[in-house]
Structures are given as C-alpha cells and as structure tokens.
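Please read the structure below before turning to the comments.
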Amino acid sequence: MLSAVAATGGNKLENKEISQAVIARLPRYFRFLGELKDEGIERISSQELSDIMKVTASQIRQDFNNFGGFGQQGYGYKVEYLYEEIGRILGLDRTHNLIIIGAGNLGQALANYINFERRGFLFKGIFDNDPELLGTKIRNMEVRPMEEMETFVRENEIDIAVLTIPKASAAAVAEKLAGTRIRGIWNFAHMDLNVPREVQVENVHLSDSLMKLIYNINKRDENF
C-alpha cells in the first residue's frame, strides 16, 4: 500500500492508503493523457477515456477519487490539468538521480533511452566488473568499477539503482546498496531481494510479461 496526499482545487486530501492496483494504473493514465494533450484535446469525459484505455468509466472515477476526483460531473476532466496532477502524484515534478549496475546489453539500452530524462530520471553513473567494459563510454557516462559504487552513491545523492546483473550477483550488490541508504532499486535480476523496508524494490521480470502474452494469444486462438 502507498500513503498519498493529493492536491486538488487548492485543497489537500488527508493521508490515505492507496492500493498498489491503483498505483499500477497511474502511469498508464499519465501516458494516455500525455498523448491526448499532444493531440490538442483539452477536455475528456470518463467514458471517452474509458473507450480509449479499455478501462471501465467506473474504475477510472474510483481511481481518481482516491486523489480528490479531478473533475466535475457533466463537465469531464481538463486533460492538461489531469496530466500534470497525475505526474505530481507519481513524483514526476522533480528529478531523480539513478545509477545502473551492469553495463551489458540491457544496461546500455536503458542508459540510451532518452525518454527517462524527459521524465526527470537522470542517469549519473554506470558500473560493471568486466575489465573489458571499464573505462568505455555509454552515452555520457564512463563505466566505473564496482568498487567505486558505494562511494559514488553517497557523494552524488543517488536515489535509485537499476540492477541489470545476473541473479548470482544481485543479492550481494543489493546488500551493499542498502548500506548506502539508497531509496529504491529497480530490479531486472531474476530474484527477489532481501533489503530493509525503507528501500523500495520494483521487480521487473521480462519473461513473465512474455508468458502472459503467449497465454493470451493461446486463449484467443481457442475462442476462434
């Protein structure tokens, strides 16, 4: 669960626990609203947003009511305002410093994805223990040895570490990161991490997403 305070119409809501299911939908709302804003659409109803996103209008209203509602009955939502408010809820109104642990193909791909910077996620360093990679440049960062990681995190106010390393190394690296008071770990290693409660972990299992896709493909084929 997540405790959130949202500002709507100048009034602050009291702290309340927001379910992870609601939080998981917020980035999708943000993405679709950004596309609508870029298309010049100024106002949208929950039903129109439902038709675009394939989420029920009732679910949309329930989700937004967790943060104050954002709209008026019969009037709909101001797209730009809603986009900005959801961005604030997600913490996208400020910058976050990140490092990447693992300079392989995935680490390099993440480092070169410019949309992260547009959202305020700034990669400050990249680390690896492969002698052939040390000193090479990935975008504007030089690959540093793992021995420098903890000092670098402390000296550069790093908020989030991105783990793109093998499972065998992930636990030890996560333990070292926890000792630096890092705030979060974006974990692409195929294992659950045992870290203190104050360190937030988001696990990304790419194979899980692929298996979900193939399940849905097979399910669809069965119905035809």
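The values are calculated or read from the model by the stated rules, or taken from the named source; none is laboratory data. The model shown is predicted, which means the values in this text are computed figures rather than measured ones. All Cβ positions, glycine included, derive from the backbone under ideal geometry; neighbour counts span all protein chains shown. Surface areas here come from the heavy atoms of the whole protein model, side chains and all, with no ligands, DNA or RNA. Shrake-Rupley method; radii C 1.70, N 1.55, O 1.52, S 1.80 Å.
A few remarks follow.
- One residue alone among 140, 187, 156 is closer than 20 Å to residue 126 by Cβ and without any contact (Cβ under 8 Å) to a residue 24 or more places away in the chain, and that residue is 140.
- Taking first residues from the range 191-211 that are closer than 16 Å to residue 165 by Cβ and at pLDDT 90 or above and partners that are assigned to a loop (DSSP other than H, G, I, E, B) and open to solvent by less than 100 Å² (accessible area, probe 1.4 Å), the Cβ contacts under 7 Å between residues at least 6 apart in sequence or on separate chains come to 201/193; 201/195; 204/188.
- Subset of the range 149-177 (residues that are touching a strand residue (DSSP E or B) at 6+ places or on another chain (Cβ under 9 Å) and among the β-branched types (Val, Ile, Thr)): 153, 158, 160, 162, 164, 165, 173
- Selection count where residues are under 21 Å from residue 99 (Cβ atoms) and in a loop (DSSP other than H, G, I, E, B), scope the range 206-224: 0
- The set of residues in the range 180-194 being open to solvent by less than 50 Å² (accessible area, probe 1.4 Å) and out of contact with any Pro (no Cβ under 8 Å at 6 or more places or on another chain) consists of 180, 182, 184, 185, 187, 188, 191, 193.
- Check on residue 52, within 20 Å of the chain's Cα centre (by Cα) and among the β-branched types (Val, Ile, Thr): no
- Residue check, residue 128 acidic (Asp, Glu), open to solvent by less than 60 Å² (accessible area, probe 1.4 Å) and more than 18 Å from residue 95 (Cβ to Cβ): yes
- Selection from the range 47-76 of residues that are closer than 13 Å to residue 28 by Cα and either modelled with pLDDT under 90 or open to solvent by 100 Å² or more (accessible area, probe 1.4 Å) (or both): 54
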